[in-house]
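The values are calculated or read from the model by the stated rules, or taken from the named source; none is laboratory data. Please read all numbers here as calculations on a predicted model, not as lab measurements. Neighbour counts run over all protein chains shown; Cβ positions are idealised from the backbone, glycine included.
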Amino acid sequence: EAPCTPDPAPSVSGVSISISQTGTLTATGCTSGLVQWYDVAEGGTSIGSGASFTSQALLANTTYYATCTLNCESSRTAATITVNSGDCVSNKTLGPDIADNISTGNHLIETSDEISAVNKLTGGTITYSAGNKVELNPGFTAGEGAVFIAEIGGCN
């Protein structure tokens with residue numbers, strides 16, 4: 001059997017959203033195949049299919065990857081949903097509501113002073129960077145599938 005030649009990768013442009021909003025990415029150039037969406041650059045399981053993909057509500061910049069498959073899956077095209085947080089906020093509270101929970105992707109949440117968290121992290125790579133204090137309160141969890149980093153640094 002002859003080796004399969006990968007299909008051409010789709011084109012995807014990133015979008016900008018406000019904090020805690022969803023973002024929609026659209027892939028073009030995959031005219032005969034099926035677009036698959038991923039939250040990792042290699043491996044992993046598809047998190048959606050079709051020309052458009054809408055993220056969960058995002059707190060930080062998150063990169064997604066699209067492929068085109070007719071015969072053999074193409075290479076992955078990266079596209080980032082940029083979260084415009086406006087000016088650097090001094091304090092951020094991440095509550096127990098679903099919008100503050102993180103299950104996938106790479107997230108950087110930063111403040112000039114303090115982050116207070118009671119949210120749940122079940123997947124992805126999450127960094128909390130505060131100018132003075134990162135406070136993890138009862139109810140906060142970083143599950144087995146999450147990479148969690150807390151640091152003093154923050155934004156200005």
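For this structure, a couple of remarks:
- Number of the condition not met by residue 93 [criteria: (1) assigned to a strand (DSSP E or B); (2) of a type in the set (Val, Ile, Thr); (3) crowded, with 17+ Cβ neighbours inside 10 Å]: (3)
- Condition met for residue 115 (in contact with a Lys or Arg (Cβ under 7 Å, 6 or more places away or on another chain), surrounded by 16 or more Cβ atoms within 10 Å (Cβ to Cβ) and modelled with pLDDT of 90 or more): yes
- Test: residue 83 is out of contact with any Cys (no Cβ under 9 Å at 6 or more places or on another chain), surrounded by 16 or more Cβ atoms within 10 Å (Cβ to Cβ) and in a strand (DSSP E or B): yes
- Members of segment 60-80 that are of a type in the set (A, V, I, L, M) and loosely packed, with under 14 Cβ neighbours inside 10 Å: 78
- Positions within segment 28-42 being out of contact with any Pro (no Cβ under 7 Å at 6 or more places or on another chain) and surrounded by 15 or more Cβ atoms within 10 Å (Cβ to Cβ), in sequence order: 33, 34, 36, 37, 38, 39, 40
Each row is one residue, and each column tells you yes or no for (1) in contact with a Phe, Trp or Tyr (Cβ under 9 Å, 6 or more places away or on another chain); (2) closer than 25 Å to residue 92 by Cα.
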{"residue": "15", "(1), (2)": "no, yes"}
{"residue": "18", "(1), (2)": "no, yes"}
{"residue": "28", "(1), (2)": "no, no"}
{"residue": "33", "(1), (2)": "no, no"}
{"residue": "40", "(1), (2)": "yes, no"}
{"residue": "51", "(1), (2)": "no, no"}
{"residue": "60", "(1), (2)": "no, yes"}
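- Every residue from segment 110-141 that is in a strand (DSSP E or B), of a type in the set (Gly, Ala, Ser) and either out of contact with any strand residue (DSSP E or B) (no Cβ under 8 Å at 6 or more places or on another chain) or in contact (Cβ under 8 Å) with a residue 40 or more places away in the chain (or both): 124
- Under the condition of being within 18 Å of residue 75 (Cβ to Cβ) and either surrounded by 12 or more Cβ atoms within 10 Å (Cβ to Cβ) or in contact with a helix residue (DSSP H, G or I) (Cβ under 6 Å, 6 or more places away or on another chain) (or both), the residues counted in segment 4-27 number 10.
- Contacts under 8 angstrom Cβ, first residue in segment 68-97 being acidic (Asp, Glu), partner in a strand (DSSP E or B), 6 or more apart: 73/36; 73/67
- Pick from segment 50-75, criterion of a type in the set (Ser, Thr, Tyr) and under 21 Å from residue 5 (Cα atoms), ranking: modelled with the lowest pLDDT: 69
- Verdict on residue 73 being part of a loop (DSSP other than H, G, I, E, B), of a type in the set (Asp, Glu) and over 22 Å from residue 14 (Cα atoms): no
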